[in-house]
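Contents: one structure, followed by commentary.
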Amino acid sequence: MSQTNTSTESLFKSFHSEKLQLSNRTVMAPMTRGFSPNGVPGEDVAAYYRRRAENGVGLIVTEGTGINHPSSVSGASIPLFHGEESLNGWANVVKEVHQAGGKIVPQLWHVGMTRKKGELPNEEAFPVGPSGLSLSGKEITEPMSEEEVVQMVEAYAQAAADAKRIGFDGIELHGAHGYLIDQFFWENTNRRTDRYGGDLVGRTRFAVEVIEACRREVGPDFPIIFRFSQWKMNDFGAKLANTPDELERFLEPLVNAGVDIFHCSTRRFWEPEFEASDLNLAGWTKKLTGKPVISVGSVGLDGEFTSFSGAGTTSLDGLIDRLDLGEFDLVAIGRSLLQDPEWVRKVEEGKANDLLPFDKEALKKLY
Ligand SMILES: Cc1cc2nc3c(=O)[nH]c(=O)nc-3n(C[C@H](O)[C@H](O)[C@H](O)COP(=O)(O)O)c2cc1C
């Protein structure tokens with residue numbers, strides 16, 4: 001690999017925000033693993049997260065976990081965030097991570113229209129979304145009724161309440177990548193003419209209600225992280241906001257609703273989001289909202305998500321430079337941490353030569 005020349009010290013400074021204190025700036029990015037039979041995370045999943053906490057990860061964001069709605073996930077081994085058994089499983093994950101000195105938030109998820117008809121669990125449950133359209137715009141089901149939208153908001157709120165009750169350190173709402181919340185944001189999938197649709201601000205209405213309802217359940221002091229992206233699973237070039245002004249109009253309602261930290265999902269953290277500035281999406285979000293932000297995307301790797309072909313290791317110099325400049329506050333690491341539970345510890349100890357490339361075989365195991 002190319003050697004990291006800059007000191008990585010700034011990655012290991014503690015992080016203090018109004019509601020969340022962390023021992024360093026590293027975050028484990030949420031990564032679906034599919035190792036939770038019948039939606040229940042077991043001892044192996046708890047041990048997987050614990051290993052990251054033991055090796056110094058500042059904040060763990062769990063894989064996306066399904067809220068209480070019959071079509072919230074695609075697949076019987078995706079962890080659920082409702083029902084006694086699944087929540088007991090998560091409580092055990094929290095216990096293990098806390099015992100190892102770590103902090104952890106669940107990523108609350110509904111896949112919306114990306115679910116295929118007939119998928120497990122609940123084969124009979126249809127995909128749901130703002131206009132019943134797939135990401136490519138194909139009509140699949142009826143648009144959600146207003147009543148269904150309101151019920152969905154409450155399902156997120158229930159998950160937030162449960163997260164607090166079983167000891168998590170906050171929640172992350174998955175508003176990225178073309179899943180349900182993002183389907184409301186995106187004009188291609190949201191053609192509604194009621195209060196949940198319309199212009200960019202109208203399309204934030206669903207997220208706003210979700211955030212407000214979660215806030216109502218968890219109280220003023222519990223951290224709410226919101227993950228969003230421009231890109232979608234089927235369209236890496238998609239944009240919700242084409243200019244900083246549009247981004248500001250998009251973010252303002254989310255801030256007012258109660259988001260504490262934004263998790264700005266990009267596939268390459270060094271790419272400028274708009275012309276005329278080097279700032280990436282996280283940098284712009286911080287500048288426009290004044291909120292702490294998490295950046296992400298190919299940290300330490302020379303190939304981006306989602307080319308699941310593997311990727312070699314690279315220098316962290318560019319990342320550290322941006323962190324030093326205060327462009328973002330926290331750094332999420334995905335595939336490097338999926339591959340190697342000791343990634344953070346190795347970086348802290350300067351063991352650059354011991355860092356592992358990402359091998360797609362790692363997806364089959366819980367290292
Ligand atoms: C196997 C895998 C599963 C993922 N699952 C999720 C997920 O459940 N929720 C989410 O927001 N992002 C998910 N992502 C995206 C990652 O959180 C992260 O943004 C992406 O991998 C880029 O970071 P990296 O380049 O460090 O891997 C997943 C990524 C991978 C590799």
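Exactly one residue among Ala46, Ala29 is farther than 22 Å from Gln158 by Cα and in contact (Cβ under 8 Å) with a residue 60 or more places away in the chain, and that residue is Ala29. Residues in region 222-259 that are in contact (Cβ under 8 Å) with a residue 60 or more places away in the chain, within 25 Å of Ala160 (Cβ to Cβ) and surrounded by fewer than 20 Cβ atoms within 10 Å (Cβ to Cβ): Met233 only.
Does region 37-58 contain at least one residue that is surrounded by fewer than 18 Cβ atoms within 10 Å (Cβ to Cβ), under 20 Å from the mean Cα position of the chain (by Cα) and farther than 22 Å from Lys291 by Cβ? No - not one qualifying residue is present in region 37-58. In region 295-313, of all residues being crowded, with 20+ Cβ neighbours inside 10 Å and more than 7 Å from the ligand (Cβ to nearest atom), the one that is farthest from Glu54 (Cα to Cα) corresponds to Ala311. Residues in region 249-294 that are acidic (Asp, Glu) and within 13 Å of the ligand (Cβ to nearest atom): Glu271 alone.
Considering every residue within region 4-13, establish whether at least one is within 16 Å of the ligand (Cβ to nearest atom), closer than 26 Å to Asp329 by Cβ, of a type in the set (Phe, Trp, Tyr) and not in a loop (DSSP other than H, G, I, E, B). No. Checking each residue in region 15-71 for being out of contact with any Phe, Trp or Tyr (no Cβ under 9 Å at 6 or more places or on another chain), closer than 21 Å to Phe262 by Cβ, outside any loop (DSSP other than H, G, I, E, B) and of a type in the set (A, V, I, L, M) picks out Val27, Val61. Scanning region 88-141 for residues that are closer than 18 Å to Gly197 by Cβ and of a type in the set (D, E, K, R) yields one hit, Glu139. Of the residues screened, Leu366 is one that is within 13 Å of the ligand (Cβ to nearest atom) and over 29 Å from Cys214 (Cα atoms).
Out of curiosity, is Glu18 farther than 30 Å from Glu148 by Cα, surrounded by fewer than 16 Cβ atoms within 10 Å (Cβ to Cβ) and free of Cβ contacts under 8 Å to residues at least 12 places away in the same chain?
For Glu18, the condition - farther than 30 Å from Glu148 by Cα, surrounded by fewer than 16 Cβ atoms within 10 Å (Cβ to Cβ) and free of Cβ contacts under 8 Å to residues at least 12 places away in the same chain - is not met.
Taken over region 317-347, the criterion of being within 13 Å of the ligand (Cβ to nearest atom) and either touching a Gly at 6+ places or on another chain (Cβ under 6 Å) or among the charged types (D, E, K, R) (or both) is satisfied by Arg335, Ser336, Asp340, Val344. Residue count for region 147-199 under the criterion of being in a helix (DSSP H, G or I) and of a type outside the set (Val, Ile, Thr): the result is 21.
Read the figures in this text as sums done on the coordinates, not as results from a lab. Remember, predicted model here, so these are calculated numbers, not experimental data. Here Cβ is always computed from backbone atoms with ideal geometry, including for glycine, and neighbour counts include all displayed protein chains.
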